[in-house]
Amino acid sequence: MLGVSILEIDKLIINAKSFKNSTEFLSKLSSLVISFINKTEEKNASYTDLFNNDLNQNDKRFIAYSFIRIYSINSSMVTDPMVKHKVLKLIEVSTPEVYKYLKIDDRTENYIKESHLSSYASNIERKIDESINKEFNLLSINSYKNIILATINQKLYKSLLNDYTDFTIILKSLDVLFNLLSEYLEGEPLNKYKNYKSIIKLLDKIIDSSNEFGTVYSLTYISRTFQKIKNTLVNDFANNPNSQPADLNVLKTEKKYPIIPGLKHNIQLRVENNSTGFANDTRVRIREVTNIKLVERNQFVGLVKTFSLLNFDYIGTKESDSLIIDGYVEWTNFDGKKCKNDFLLELDSQNSKIDWEKIEDTEPYDLEPVTNESEFIGRKKIIDSLKKIGNKVNSSYIFGQRRVGKTSIVKTLQSSIKFENTLIIYLEAGDWSNAISPEQSMNDLGRKICNKIIKSNIKYKNLAIPQFNGSFNTITDFLDDVTEIDSNYKVLIILDEFDRISNDLLYQSEIAKSFVLTIRSISNRVQFGFVLVGGEKMEYILSQWQEFNKFKPIRVDYFDKKSEWEDFKNLIKIPVEGILEITDKAIDYIYMQTSGNPYFTKKICIELFQWMVSNRDTHVTEEEAKQATKIARSSSNIGATDFSHFWKDGIKEKEEKEEEISINRRKVLLAIGQLLQASIKTTKEAVIDKSMANGLNIMEAEKTLDEFIQRKIINVNNDEYRFIVKFFEDWLISNGLNKIITTFQEEQMLFLRNQYENHIKISSEEINILSQSWPSYKAKRTSTDDIRAWLEQFGDFEDQRAMFNILSNLKFYQTSEIRDKMEDIFREVRKEIAKSQKIVYKEQGKLKRDDILVSYLDKNPVKSGAEYAKMFVEVNNIYKDNSTNPDKIDRKLLELKNINSLVFIDDFIGSGDSVIENLKPIILSNLETLKKNNIIIVIGVITGFEEAKHKIIKFGKKEGVTLEVKLIDPLNNSDKCFDDDSLIYIKPIDREKAKIICEKIGNKLEKRHPLGYHNCQATVVFPTTCPNNTLPILWKETENWKPLFKRG
């Protein structure tokens, strides 16, 4: 049944001038208006029906304002005295605001009333036009929004426009639209680009809706207004570099590949964009490849800004030195133009002649000090200078941070000097230092040196070890005896960890003075010398004694990139020579992580070697170096002790102050880590404030911070305090804060843990805000207790904070929003019908559509697909008979003769596999009918991934049907929780930590899909269901896990 539309009435009023006969006009007006009010097809009616007292007040106002518009266009249509009287009375009673504005009343002469009324509508229209159609620019968006709101809410304007304009979509969309415009203006390139697309989509929705409504007011005041905003935005973005045509090329990476029959591996290709313009809907297809079998030849990339890395899994089929890949990349530019570039690449193979079983248990990287020259790498200048023992044995001291290779230097020195008549004595502090008695320390040191000399050569066997009796200087008589026996015999005494001996022997005191004077006395002799080895405070300790002035200082630091780059490369490459080939980019990455610290470098390389062996891969690129770094940082083999020299070493004060200073240092490290973890800029002021919150006063915090800079633990760049060793910084942020806290005494530990937990603990306010922002799930509100209980399943507050970020970024649809999406899908369906049909279907009034067959693709009718298909029919005024379950589609297609489109409604598509699986049998069983009747298939989806959309469209082409996927809220890689482009976890270190947590629990919940089906990593929830592409931690229930959004 056809109903009269408001558009028909509007057209009649606009064309009032073309009527010469007022009776004919009023008759037509009466028929249209009364039929419209009664929601029926057009029926004859008398003009007297327009003034029927039984009409409700809203209908009377509608008729009154229709006559006000008629007066403005052609007042001669109201000339009959009886009609004129009724019209004027109707306007007076039903629209008192008009009479008030015109300053007329029931006593005013009719001709004056008519004179005023004839200009009223045009005057109001002119005022609206002046208000709403002002010049628009993006810098004045807030004021323009206020103008629009003020205009549509102004009583006189609103009353005139109300029935002839649909403001619903504007009122729904205005806040969202202008918020997006603000974000567009302030956003980074990618966000700007995404916001632009969202804004254009929303503007098109408003414009299309107003154009469909079709009235003059709708076109003039809505369509034209928002088209102006759109044009301004389009012009602005046209000048944006990101809107320029993209230029994509597929390149090989530096990776070499194992090409061995039966071996599974993957090829990495780099899609590079040589333009500032972004590429959309990017896909790489491989036509031909040699010597391997690809698991999948096509990959959807989506948006490419600068570059994207792709991995194609393969199985080797033939051993070879190389493989050839022939393929192409296709994409869509911002302007909609589709582009394509071919590529032909030759990829190199790696060394395949490796006996993996033989090397599986080898450990080429050793954290223990090196003891021989053949294993020693780098520091050649230092070794060579120490080996120069001529007529005189020179004395020196070696100092620097712990774990930079000082012990390896002196141990290698000891084993490498093979001079005749030369003895190298190596002693660690633990060999002779006595914490209780400095006298005993000197006794033990003297005896050990004498004993080693006696044992070094048979000619000294008769020498007696003197009685030291708490005085080291007795050794000088023994050394005189050595010289008497052989004046050419030389002894170099290496005392390692010298700064860790008793403070009574290091700092000014009578006993220390005696000890130091004896060392100087020995070193002054031609035949004897010392190498004293210690940490950072060595230089400070020895500088307190003039007796050490002649000792040569040798600082050992991290490998310097300018002067020791080859040494650093060799540190990584030589231990695995003949096994692994390591690229310079991989070494660069490791250096960036460790700043050349040999200990941390080896820590990463240990994990790197194990990773490469486990993957039967001999070629190390930056990607493998990154993976090894992640493993090393999260390994259970690394903890606070690996970094403890940062806070324990280089303390210049005496022993009783050491623990206090160590505590202060750790508190500052915690402060910086807490700021970095919270993404707060680490300015001096911020670090000091946070340190004070951890229990330091301002002087302690400033002094400690300055010390860290002097010791080269921290550097300052652009007023930010950051750690020189990034490996430490990332460890601290990811899981080191808790580990450092456990190094404190119980009372301090409890205080700091409380401070830290207060810093990261999710507050009740945060949870309450989140709970209030969510709609109901399965008709039940998610309470604050529900959220807190879910978070507590993750254990410590660090992990809870990481997971709270997922909850904060959920896309949680509410029912009203889904109803809007059903309208959006219908709008897209109508466009597809219009494009595909020779005769464009045109709606009239309240027509119920009978040309669309609606269904869903869930096998289970109680799932969301059936629910949303039903909603789609209701919202969009489609006959209920035109909705069916999938099993009855064939029958309905034969039964209903007017069908031009088959529409499937779905809430979410992740991989597209389920849609294809369920759609295929429907197409096969109805293919003849679909083709014969030229029926298009449209899959309308609320949200999902672009990759899935393109996979489904490709499937449709293969099956020979016209198939379109209308994805209302498209998702891409940036919507995946743990993708490199993720907008949920911007910082890689946060992303890495959260992924580990989700994978660990996800593996227990859904072993095959720990991060959601097809690894979608989605964060989407609907009012009655949660897609299985969403993270299982949110929806999977087990005996040991209670989700927030249980499926089923």
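The mean sequence distance of close C-alpha pairs (under 8 Å, at least 6 residues apart), as a share of the length of the range 6-129, puts its relative contact order at 24 percent. Note on residue 130 and residue 185: the extension gain reaches 17.2 nm, defined as 0.36 nm multiplied by sequence separation minus the Cα-Cα distance. The ranking of 77, 442, 822 from fewest to most other beta carbons within 10 Å of each one's beta carbon is 822, 77, 442. Label positions at residue 251 and residue 685, each projected 7 Å from the Cα along the C-beta direction, are separated by 4.3 nm.
If the Kirkwood radius is taken over C-alpha pairs of the range 489-619, then at 20 °C and 1.002 mPa s the Stokes-Einstein diffusion coefficient equals 119 µm²/s. Given their separation in residues at 0.36 nm each and the Cα-Cα distance between them, residue 485 and residue 560 gain 22.4 nm when the chain is fully extended. Taking each of 197/228; 60/100; 888/931; 28/113 in turn, the alpha-carbon distance tops 20 angstrom for 28/113. Each peptide in 339-347, 989-997 gets a packing score, the mean of other Cβ atoms within 10 Å over its residues, and the list from highest to lowest is 989-997, 339-347.
Legend: distances between Cα atoms for 406/626; 778/870; 230/835; 11/84; pairs beyond 19 Å are 406/626; 230/835; 11/84.
As a calculated quantity, the FRET efficiency between residue 1004 and residue 435 at R0 = 35 Å, using C-beta atoms, amounts to about 0.10. Report summary: the helix-based calculation at 222 nm, which adds -39500 (n - 2.57) for every DSSP H run with n ≥ 4 and divides by the residues of the chain, gives -15000 deg cm²/dmol. For a paramagnetic label modelled on residue 710 (point 7 Å from Cα along Cα→Cβ), amide N atoms under 13 Å away are absent within the range 398-412. According to the calculation over all Cα-Cα pairs in the range 380-555, the P(r) per 5 Å bin from zero is 1, 8, 18, 23, 22, 16, 9, 2, 0 %.
Residue pairs exceeding 31 angstrom between C-alpha atoms, taken from 761/951; 305/1004; 264/573; 205/1000; 452/573: 761/951; 305/1004; 205/1000; 452/573.
Residue-normalised convex hull volume from the C-alpha trace of the range 248-353: 78 Å³ per residue. At an R0 of 45 angstrom, the distance between the Cβ atoms of residue 368 and residue 295 translates into a FRET efficiency of 0.55.
Between residue 155 and residue 391, the modelled label-to-label distance comes to 11.4 nm, taking each label 7 Å out from Cα in the direction of the beta carbon. Computed on the Cα atoms alone, the convex hull of the chain gives a volume of 223 cubic angstrom per residue. Legend: Rg and Dmax of the range 133-243, from Cα coordinates, 14.2, 45 Å. Among 890, 730, 851, the order by Cβ neighbours within 10 angstrom, fewest to most, reads 890, 851, 730.
Each 5 Å bin from 0 upward holds the following percent of the Cα-Cα pairs of the range 911-1048: 2, 10, 16, 18, 16, 13, 10, 7, 4, 2, 1, 0. Taking the Cα centre of the chain as origin and assigning +1 to Lys and Arg Cβ atoms and -1 to Asp and Glu Cβ atoms, the resulting dipole is close to 2460 debye. For the chain, the relative contact order comes to 6 percent (Cα pairs under 8 Å, sequence separation of at least 6). Each residue, residue 764 and residue 789, gets one label point 7 Å from its Cα in the Cβ direction; the gap between the two is 1.8 nm.
Of the GluC sites (Glu not before Pro) found in the range 81-134, the ones in coil according to DSSP and having at most 14 other Cβ atoms within 10 Å of their Cβ are 109. If R0 equals 22 Å, the separation of the Cβ atoms of residue 324 and residue 274 corresponds to a calculated FRET efficiency of about 0.40.
Restricting the chymotrypsin sites (Phe, Trp or Tyr not before Pro) of the range 372-429 to loop positions (DSSP other than H, G, I, E, B) with no more than 15 neighbouring Cβ atoms within 10 Å leaves 419. Spherically averaged projected area of the convex hull of Cα atoms, the range 667-720: 3.3 nm².
Fewest Cβ neighbours within 10 Å first, please rank 790, 545 accordingly.
545, 790
In the range 343-422, Cα pairs under 8 Å separated by at least six residues give a relative contact order of 42 percent. Between residue 738 and residue 112, residue separation times 0.36 nm minus the direct Cα-Cα distance comes to 216.8 nm. Here the Kirkwood formula, the inverse mean of 1/r across different C-alpha pairs, assigns the range 641-760 a hydrodynamic radius of 14.2 Å.
Just so you know, all these numbers are worked out from the coordinates, no wet-lab data involved. What you are looking at is a predicted structure, and each value in this text was computed from that prediction instead of being measured. All Cβ positions, even for glycine, are placed from backbone atoms using ideal geometry, and neighbour counts span all protein chains on display.
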